[in-house]
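Below is one structure, written out as structure tokens, with a few remarks after it.
The values are calculated or read from the model by the stated rules, or taken from the named source; none is laboratory data. Computed from a predicted model, the values in this text were never measured in an experiment. Reconstructed Cβ throughout: ideal geometry from the backbone, glycine too, with neighbour counts over all protein chains shown.
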Amino acid sequence: MSSEFVRPDGRLPDQLRPIKMAVGVLDRADGSAYVEQGNTKVIVAVYGPRELHPRHKASPEAAVVRCRYHMAPFSTRERKSPNPSRREVELSKVIKDALSQTIFLERFPRTSIDVFIEVLEADGGTRCASINACSLALANAGIPIRDLISAVAVGKYNGHIILDLNDEEDEAAEADMPVAIMPSFNKVVLLQLNGVLTEEEFKQAFDLAVKGCMEINRIQRETLRSRYLSIKGEENEDV
Amino acid sequence: MSSEFVRPDGRLPDQLRPIKMAVGVLDRADGSAYVEQGNTKVIVAVYGPRELHPRHKASPEAAVVRCRYHMAPFSTRERKSPNPSRREVELSKVIKDALSQTIFLERFPRTSIDVFIEVLEADGGTRCASINACSLALANAGIPIRDLISAVAVGKYNGHIILDLNDEEDEAAEADMPVAIMPSFNKVVLLQLNGVLTEEEFKQAFDLAVKGCMEINRIQRETLRSRYLSIKGEENEDV
Amino acid sequence: MSSEFVRPDGRLPDQLRPIKMAVGVLDRADGSAYVEQGNTKVIVAVYGPRELHPRHKASPEAAVVRCRYHMAPFSTRERKSPNPSRREVELSKVIKDALSQTIFLERFPRTSIDVFIEVLEADGGTRCASINACSLALANAGIPIRDLISAVAVGKYNGHIILDLNDEEDEAAEADMPVAIMPSFNKVVLLQLNGVLTEEEFKQAFDLAVKGCMEINRIQRETLRSRYLSIKGEENEDV
Amino acid sequence: MKTFRVVSQLVRSRIISMLKEGSRIDDRGLLDYRPIDVKCGLISRANGSAQVSIGSTKVLAGVKVGIGEPFSDVPDQGVLAVNAELVPLASPAFEPGPPDETAIELARVIDRTLRETKTIDLKSLCIEPGRRVFVVFLDIYVLDHDGNFIDASALASILALLNTRIRKFSIDEGELRYEEEYVPLPVLHTPVTITLAKPDDGPFIVDPNLEEELSLDNRVCISVDELGRICAIQKLDGSLSVDEVFEVVSIACKTAPKLIEIVRRESGLDAGS
Amino acid sequence: MKTFRVVSQLVRSRIISMLKEGSRIDDRGLLDYRPIDVKCGLISRANGSAQVSIGSTKVLAGVKVGIGEPFSDVPDQGVLAVNAELVPLASPAFEPGPPDETAIELARVIDRTLRETKTIDLKSLCIEPGRRVFVVFLDIYVLDHDGNFIDASALASILALLNTRIRKFSIDEGELRYEEEYVPLPVLHTPVTITLAKPDDGPFIVDPNLEEELSLDNRVCISVDELGRICAIQKLDGSLSVDEVFEVVSIACKTAPKLIEIVRRESGLDAGS
Amino acid sequence: MKTFRVVSQLVRSRIISMLKEGSRIDDRGLLDYRPIDVKCGLISRANGSAQVSIGSTKVLAGVKVGIGEPFSDVPDQGVLAVNAELVPLASPAFEPGPPDETAIELARVIDRTLRETKTIDLKSLCIEPGRRVFVVFLDIYVLDHDGNFIDASALASILALLNTRIRKFSIDEGELRYEEEYVPLPVLHTPVTITLAKPDDGPFIVDPNLEEELSLDNRVCISVDELGRICAIQKLDGSLSVDEVFEVVSIACKTAPKLIEIVRRESGLDAGS
């Protein structure tokens, strides 16, 4: 990686944005978490395991994960209608699929575990920040999980493979690839590519994503230990 | 109240519009009523108490009141889409809340009492005319009620506190305040203020509303006694 | 019928368009059929009898027929939104009513028989082609039926009574009248008139429709016998 | 909606056996309508309105005239938009929500009846071809459903249209100018709809009431105008034999003039009214 | 939404009996609010934002300013569009989907409070009369519901509006020109909302928490601005006696200044902040 | 949709144990597709169409070209709009109604595949920048679902686009003029999609049929174009190890040319066809 390439916001190619994480930020939810990555801000609540209505949607063998990824109308450059877009439906599905890999679902038959994500501010990488917050919120809810999932996007921007794209980079990027992993199991639970890469570039990018996820996982674990963490002394207050 | 102030339609400030009421106007419904206040025309049907589907929405302790306030597309100056507007949803709720106060709901657990309101012509005061008709329709259905609810709007128009605003007055008014009471219990079951009043004006307006409700209550009782009443010999026929 | 009148596509007034029929064209469905009449192309799948959800919509006395007539977005001159139009809702209903006459519904209480129609290309007479395909698909599914329903439209075009209108004729027609019959029982199970006819013209048109249905019924029976039939050696392949 | 038959087997049997002997449970003749009651112009905010009762079936139709865009295939014509609501006041079987298949079928049968006969002179309602035309919204409200709301809706619709008044207008170099005066909507025809029903084995009746509607398996409606033209048919329930098809058309053609006479009388089309 | 009472009969009885003796389960005075916490400007992509906590009830309001068409009856005014979402994060009783009657009531009460006081100078937000105006979208997000989300929403809303900055603009021969500089939205008033509740037989309290809200049958909210004007009332649950109506208005008028002071302090309207 | 596994435990076990020994229930090689059958131009009313069968999985794609507004961020480009319907004909698991999450995921994967490779030269489809452009509607219809509808949809989509003909047009001083002649849509690339699946403990296969899809917990799809560029990835079910990610990409890159050859042959891109 050409370490001399400097990104629009001054970061190095393999540098994460400032991260802030907190758990237990909501009172009513069974578990909750707040994550900031750069200007991207996400809050997540988890309810469950709880009885699922209507009952014919429940499974006699395992809990059902329901997930809603939703953007606040004021989170985007142009106001977003609160009605779910096709993008929000797709992201809800891939996040749900990722979370389903880590939860011991078979322990809670006939129930649902409901994960509600609200993107409060969107400056790139919202699905990855959401997954990071979901992991924390599941842990905060005391729901047994195999591993803390960690996620980050990598991409190709001006020919360079870079980590953790913000919105400005994302819009100009040749490729954007969000990745989520369960580090202790070496498992990839979310992988999407939006853009064009050669096989070689793909390998380079994927390796960088794994490194980024490891770094984020470390911060998640510290957050759970301290119940609150602020990296790099940002002035912004948490939500 | 300055008795010399004369309103656009020639009424005095504390004067109701001509009222016409009738009960039992529909055959299929368990109870029904028709009310005209000026040009405002409302028809109400009550069904129930009846089994509620889906069952998980029923209460084991009391009947559930469901209420739909709906405006006919031809009732307004511009054609109204038949899809429920936010205003119709809100009015359905506050009318339902008012009716729930007077019905002996605890006598009919696991059932619903369904109140359907159609505004056939809207010339101001439609929610109050609706409540007046709902009271009559509940009584007509033989549903046990604590009291006949009566409603009327008061407002501030050109600096004057006036009773029972029509649409022309409503549009120009500084304030519009619908009030519904259960006269025998001295209870206010609907109260909304749309506009700006001083504390003094509020008192004056509210007192006027209570007087108006009492007058309407008298007419409702006469209507139930005679099953039909036409005040002030209007030529219009009932629906 | 003035045999000298020649139609835009060269047909005689009482002449059907080339017909192609096939059954068992889909693997997953319990029964299926494909019908082409001229450029009109329709594919139908039947599922059932099967358990009906939600259960309170089932009947303890008979199977319930559910039918969806739906047009592919690319089937029409202008792209059609995939959301069901009022026309599609009405046609689903009248086709469902027609099919309900021929199925021995009382043999399958508490179940549904689901008929899914996709119009792949619409060049006039789509509801009739749909009914013809539904009949075949029901038979293909082994669902016991009283008779093979056959359908065709007749119309008045430039003063002439004609059979099996294509889209060009339909748009210019004075009247369009789809008819479906159960030939062995001499029963009319679908009859709609869209347009203006005198009583005399109606009789003439209706007689022509019955003749057309008889011809189509013969082709349906041959199709079921051979499981595949191509009339008049068209080059087009079936779907 | 009608999946549950609210009529008992006993009533059903009685209705059918009486019909076979030529009589009806409410003593009407087989081809007689229940009493028809009409009130025009009830809704002052509408451009036109009419309420029609057939027995205790009650339908209110209202007309609002607005301005909108023409359809692209007829850019020089006004627009007729027919909508029907089976509001839940009218029957325990009707539910709140967007129109279901029965309401849509009702609206589309009335729409075809009016459209195919060119009952409204839509060409005279063009303001600026391809851009702005008058839109005639006809909203049908079924308020009380004791059977045969189609015929009641057809009567209420044509009466509401005949009751409609719009501001007189002129088009002056593409500018729309209104005058003080109100003029009738240009209504050229008076089609009506006749609904017939019959048991599988028994005679046809017209204007089935709700118990009859629920007891008789076969039902069809036919629209006929004042020129005797058949302008819409819809088989509603069940089936007809080929011969019965001719019979229902013949009955409809004979019955229509009675309904048209009511329309003409109530709308003031007949001088003697 | 509140058909199931998540509060036990025991808690309910205790809340009511304590109230009758003048005390509350969380030791507050009857007319005291829980601690109020405010954060302004959290959302950098919004034109304005504010998050308000009252106890653990938490509401985030965001403002986006766009361009759209004016309403036809006020063609020379900007548009205020208020929307409220009871997002399912906030309570097990909230479900995903379009706003239900409770969310719509919330949005409409806030909307009336702002609209009737002319809190935003909408006339100054007109670009081209009848064609283009600025549209102020106020979106209210209830994030944690421990009772009284209406008052928290009203506070978050006015604070988000006061926090809003838009590009300075001028209209030059119908052309909209932006300057580099950002200026505040023209906000002229600071109305707040006070919610009161009481048992059938007992005193009024302000700012009910969730257990109180579920235990007390009668609830009303009243909006008052900095001039002491009553600018919205909504009876929410139950009923009030005629005398109680005057009492709640009086309490609201006395309580409003305390909330308005918070608004002024947090928004920097008061020099001493 | 796939919450209920319609495949029995027995079949599932058999599929997995055979795979571990390197064989499949339908005797295919692990990296072999089922027979692929293509029919282009079936729908004469569409601008382009293609039906692709992979085994008994059947997908019909149709293209309609219309005129609309460009997106505001690319005002000088035509619009590609991809929609997918899992119509209930295709499977007992599909229900009527608007596209669910599976249908939306399908449409978005195909959309990304075409968009990121710039497969359609959208710049050449601009009529009047910012105002009017050609809109290419690609509608994907899954007609029979025996597994792997994504790869079948990708093939049908690119073949339908290559089959598309539009009226030759010119822009003359902002005026759109059509000529008699029809010309192909400007399609610059031929991306295809390869779906792989594997049991938790066993080898990858391509083109899983429905029984395999329901038996194997892990599934991923990868799009590759004729230049060997990876242009979309979507992990569908389960998980992959880090090493397996490289393996699936490698398999996809090796498999793509076989599918691209079919596309080129069936669309007539290869002279020898």
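When you look at F:Asp146, is it within 14 Å of chain C (Cβ to nearest Cβ), closer than 30 Å to F:Lys258 by Cβ, part of a strand (DSSP E or B) and charged (D, E, K, R), yes or no? No. The one condition from (1) at pLDDT below 95; (2) at the interface with chain D (Cβ under 10 Å from one of its Cβ atoms) that B:Pro8 does not meet is (2).
Within segment E:169-184, work out how many residues are out of contact with any Ser or Thr (no Cβ under 9 Å at 6 or more places or on another chain) and in a strand (DSSP E or B). Write out each step before concluding.
Residues of segment E:169-184 that are out of contact with any Ser or Thr (no Cβ under 9 Å at 6 or more places or on another chain), as a first pass: E:169-175, E:180-183.
Cutting the leftovers down to in a strand (DSSP E or B) gives us E:169-172, E:175, E:180-183.
Counting residues in segment E:169-184 that are out of contact with any Ser or Thr (no Cβ under 9 Å at 6 or more places or on another chain) and in a strand (DSSP E or B) gives 9.
Results for (1) within 12 Å of another protein chain (Cβ to nearest Cβ); (2) in contact with a helix residue (DSSP H, G or I) (Cβ under 7 Å, 6 or more places away or on another chain); (3) of a type in the set (S, T, N, Q); (4) over 16 Å from B:Asn132 (Cβ atoms), shown as yes or no for each residue.
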| residue | (1), (2), (3), (4) |
| --- | --- |
| B:Pro144 | no, yes, no, yes |
| B:Leu148 | no, yes, no, no |
| B:His160 | no, no, no, yes |
| B:Ala175 | yes, no, no, yes |
| B:Ala180 | yes, yes, no, no |
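At least 2 residues that are surrounded by fewer than 24 Cβ atoms within 10 Å (Cβ to Cβ) and within 11 Å of another protein chain (Cβ to nearest Cβ) in each: list the strands (runs of 3 or more DSSP E) lying fully within segment E:56-131 that qualify. Per the criteria, E:57-68, E:79-86.
Quick grid of which residues meet (1) farther than 25 Å from F:Leu10 by Cα; (2) in contact with a helix residue (DSSP H, G or I) (Cβ under 7 Å, 6 or more places away or on another chain); (3) in contact (Cβ under 8 Å) with a residue 12 or more places away in the chain; (4) crowded, with 21+ Cβ neighbours inside 10 Å:
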residue: F:Leu188; (1), (2), (3), (4): yes, no, yes, no
residue: F:Pro191; (1), (2), (3), (4): yes, yes, yes, yes
residue: F:Ser215; (1), (2), (3), (4): no, yes, yes, yes
residue: F:Ile251; (1), (2), (3), (4): yes, no, yes, no
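Scanning segment C:48-60 for residues that are out of contact with any helix residue (DSSP H, G or I) (no Cβ under 7 Å at 6 or more places or on another chain) and not small (Gly, Ala, Ser) returns C:Pro49, C:Arg50, C:Glu51, C:Leu52, C:Pro54, C:Arg55, C:His56, C:Lys57, C:Pro60.
Give segment B:132-180 a look and list any residue that's part of a strand (DSSP E or B), out of contact with any Pro (no Cβ under 7 Å at 6 or more places or on another chain), surrounded by 20 or more Cβ atoms within 10 Å (Cβ to Cβ) and among the aliphatic types (A, V, I, L, M), or say none.
B:Val152, B:Val154, B:Ala175, B:Met177, B:Val179, B:Ala180
The set of residues in segment F:167-180 being surrounded by 10 or more Cβ atoms within 10 Å (Cβ to Cβ), without any contact (Cβ under 8 Å) to a residue 24 or more places away in the chain and of a type outside the set (Phe, Trp, Tyr) consists of F:Arg167, F:Lys168, F:Arg177, F:Glu179.
Yes/no per residue for (1) within 23 Å of A:Asp207 (Cβ to Cβ); (2) away from chain E (no Cβ under 14 Å); (3) touching a residue at least 60 places away in the same chain (Cβ under 8 Å):
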position	(1), (2), (3)
A:Ile117	no, no, yes
A:Leu120	no, no, yes
A:Asp123	no, no, yes
A:Cys128	yes, yes, yes
A:Cys134	no, no, yes
A:Ala137	no, no, yes
A:Ala141	no, no, yes
A:Asn166	yes, no, yes
A:Glu169	yes, yes, yes
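Screening segment E:41-64 for residues that are over 15 Å from the mean Cα position of the chain (by Cα) and among the hydrophobic types (A, V, I, L, M, F, W, C) and picking the one that is nearest to E:Asp26 (Cα to Cα) gives E:Leu42.
Across segment C:81-113, the number of residues qualifying as under 19 Å from C:Arg127 (Cα atoms) and in a helix (DSSP H, G or I) comes to 17. Among residues that are within 14 Å of another protein chain (Cβ to nearest Cβ), closer than 25 Å to D:Asp27 by Cβ, in contact with a strand residue (DSSP E or B) (Cβ under 9 Å, 6 or more places away or on another chain) and β-branched (Val, Ile, Thr), D:Ile194 is included. Among the residues examined, E:Arg24 qualifies as away from chain A (no Cβ under 13 Å), of a type outside the set (Val, Ile, Thr) and either assigned to a loop (DSSP other than H, G, I, E, B) or surrounded by 14 or more Cβ atoms within 10 Å (Cβ to Cβ) (or both).
Please indicate, with yes or no, whether at least one residue in segment B:58-65 is under 30 Å from C:Lys57 (Cα atoms) and either among the β-branched types (Val, Ile, Thr) or within 10 Å of chain D (Cβ to nearest Cβ) (or both).
For segment B:58-65, residues under 30 Å from C:Lys57 (Cα atoms) and either among the β-branched types (Val, Ile, Thr) or within 10 Å of chain D (Cβ to nearest Cβ) (or both): present.
If you go through segment C:184-216 and keep only what is facing another protein chain (nearest Cβ under 7 Å) and among the aromatic types (Phe, Trp, Tyr), you end up with C:Phe202, C:Phe206.
Taken together, F:Ile222, F:Ile233, F:Ile260, F:Ile251 contain a single residue that is within 12 Å of another protein chain (Cβ to nearest Cβ) and part of a helix (DSSP H, G or I), which is F:Ile251. Of the candidates B:Ala33, B:Ala45, B:Ala29, B:Ala72, the single residue that is buried (at least 22 other Cβ atoms within 10 Å of the Cβ) and either away from chain D (no Cβ under 13 Å) or touching a helix residue (DSSP H, G or I) at 6+ places or on another chain (Cβ under 6 Å) (or both) is B:Ala33.
Has segment C:200-209 got at least one residue that is within 23 Å of D:Gly238 (Cα to Cα) and either in a strand (DSSP E or B) or charged (D, E, K, R) (or both)? Yes; the residues of segment C:200-209 include at least one that is within 23 Å of D:Gly238 (Cα to Cα) and either in a strand (DSSP E or B) or charged (D, E, K, R) (or both).
Table: residues versus (1) more than 14 Å from chain B (Cβ to nearest Cβ); (2) out of contact with any strand residue (DSSP E or B) (no Cβ under 8 Å at 6 or more places or on another chain); (3) under 30 Å from D:Asn163 (Cα atoms).
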{"position": "D:Ile15", "(1), (2), (3)": "yes, yes, no"}
{"position": "D:Leu19", "(1), (2), (3)": "yes, no, no"}
{"position": "D:Tyr33", "(1), (2), (3)": "yes, no, yes"}
{"position": "D:Lys39", "(1), (2), (3)": "no, no, yes"}
{"position": "D:Leu42", "(1), (2), (3)": "no, no, yes"}
{"position": "D:Arg45", "(1), (2), (3)": "no, no, yes"}
{"position": "D:Ser53", "(1), (2), (3)": "no, no, yes"}
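If the condition is being touching a Pro at 6+ places or on another chain (Cβ under 9 Å) and either over 28 Å from B:Tyr34 (Cβ atoms) or without any contact (Cβ under 8 Å) to a residue 40 or more places away in the chain (or both), then segment D:74-94 contributes D:Pro75, D:Asp76, D:Gln77, D:Gly78, D:Val79, D:Pro88. In segment A:76-91, the residue that is surrounded by the fewest Cβ atoms within 10 Å (Cβ to Cβ) out of those that are at the interface with another protein chain (Cβ under 7 Å from one of its Cβ atoms) and within 16 Å of the chain's Cα centre (by Cα) is A:Val89.
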